[in-house]
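Just below is one structure, and these are the notes that go with it.
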Amino acid sequence: MYDYLIIGNGIAGLKAAETIRKKDENSSIVIISKAADYTYWRTKLSELICKDFTNDDILVKKLDWYEKNNIDVKLKNEVDKLDLENKKAILKNGEEIGYGKALIATGSHPFVPPIKNIDTEGVFAIRTVDDLNSFKNHIKENKKVIIIGGGLLGLEAAFSIKNAGCDVLVIETFDYILGKQLDNELSLKLEKELNEAGIETSTGKNTSEILEKDGKVCGIKLDDGTEIEGGTILVQTGVRNDLDVAINSGLKTERGIIVDETLKTSDENVYAAGDCMQLGQATIGLWTASMEMGEIAGSNMTGDDKTYQTPKPFSSLLLGDIKLFSAGFNKGEGIEEVKKEDGEKVYKLFKKEGKYLGGILYKDIKFQNDVKKIVFEGEDPKNTKLGKEIFGM
């Protein structure tokens, strides 16, 4: 029997355990995870493609931290469901563990589209350290790499793979790279810059088949019949939430585990945080959001009544000389653009009926906090450095 049981050892689960321990020094805490590794910086996986590292280098907390804080960790253990009435976790190995309060922080897994031969040797989706190491070993001999998916993670991986000495081609379904974050003009500007950096791109293309020879990847075929040679395929097409524990337990779920603003599920003793939770209509796959959710859930499990506010949409990309920041919306009927260029630097704000809805900074992102204030808090641009120094307001 534990006072607090945490399912999942991503950043949300770890942050919850850390918060609980600070607020409740003498309680018993256990983290149960099917993962083989302690919590690591998942956000660093792409950049580590071209770097040597040890597992210690990427741990969020060193192993002695768990011992000092009296937190039990059961790795390579999978919870099947919670017996909500009797407040017990039922593990897949048959073990039962009682709890006072429980947190489900099971995260998400890579979405692998139903492409023909997607299970062929040489196709990867990087989500764990083991995935990363397998991929790094494969590209030592198979240096023609095709990335399916041109979102932020796909581009970060492409940059790192290029720096590892490989040839890289990014295939993107949408007509524009980062079509959600950038307007069409800056998307084309980014694509040109990526191409000049040695990263090939192909937009508006769908992959219909993984080509294989003797059970190993040798390329891809597009919907239009084009065949492209390659020895390694990296799939970066988003994630899907891990909901099995919640569903098996009878908790309310949709795309995520339904929670209220305190991150409590449909059971008063069970909370959910991180990628797997759903607040209103929003599911959020952001590292920083998962940290905040873990802290709030952990605090509330000890008796607090803190609330979580869904974060506003913003993104940044830093790849060598390429720097961009995007917030809010830049497309839609009736949206006007306010633009200023300074050499390669581009500053844009987007408004509709006098209200600023979005902003993009290209090459110079030091005004990102100003953009957030303007877009998310309704600040008049005239009151910001961005408005005064760049737009001359």
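The values are calculated or read from the model by the stated rules, or taken from the named source; none is laboratory data. These numbers come from a predicted model, not from an experiment. Every residue, glycine among them, receives a Cβ derived from its backbone with ideal geometry; neighbour counts consider all protein chains shown. What goes into the accessible areas is simple: the full protein's heavy atoms, side chains included, and nothing from ligands, DNA or RNA. Shrake-Rupley method; radii C 1.70, N 1.55, O 1.52, S 1.80 Å.
Couple of notes before you dig in:
- Note on Lys382 and Gln281: with the Förster distance fixed at 51 Å, the Cβ-Cβ geometry gives a FRET efficiency of about 0.90.
- Each other residue within a Cβ distance under 9 Å of Lys351 adds +1 if Lys or Arg and -1 if Asp or Glu, for a net charge of -1.
- Taking a ≥ b ≥ c as the square roots of the eigenvalues of the alpha-carbon gyration tensor, segment 144-223 is classed oblate because a/c is 1.5 or more while a/b is no larger than b/c.
- With K and R counted +1 and D and E -1, the other residues having a Cβ less than 13 Å from that of Ile118 yield a net charge of -2.
- Oblate is the label for segment 99-194, because a/c, from the alpha-carbon gyration tensor with a ≥ b ≥ c as root eigenvalues, is 1.5 or above and a/b does not exceed b/c.
- Glu254/Asp305 FRET efficiency (R0 30 Å; Cβ-Cβ; nearest 0.05): 0.75
- Excluding ligands, DNA and RNA, the accessible surface per residue across the chain is 48 Å² with a 1.4 Å probe.
- Global geometry of segment 1-142, whether rounded, prolate or oblate, following the gyration tensor of its Cα atoms and the 1.5 cut on a/c: oblate
- Protection-proxy order for peptides 383-392, 25-34, each taking the mean of Cβ atoms within 10 Å per residue, highest first: 25-34, 383-392
- Among (1) 1.06; (2) 1.00; (3) 1.10, the entry that matches Rg/Rh (Cα atoms, Kirkwood Rh) as calculated here: (2)
- Only helices enter the 222 nm calculation for the chain: every DSSP H run of n ≥ 4 contributes -39,500 (n - 2.57), and dividing by all residues gives -6500 deg cm²/dmol, rounded to 500.
- Net charge, Leu84 excluded, C-beta distance under 15 Å - Lys, Arg +1, Asp, Glu -1: 0
- Packing-based ranking of 107-118, 157-168, 260-271 yields 157-168, 260-271, 107-118, ordered from highest to lowest mean Cβ neighbour count within 10 Å.
- When the pairs Lys62/Lys88; Lys44/Lys92; Lys23/Lys87 are compared against a 24 Å limit on Cα-Cα distance, Lys62/Lys88; Lys44/Lys92 fall above it.
- Proximal lysine pairs, segment 108-192, alpha carbons under 23 Å, eight or more residues apart or interchain: 13
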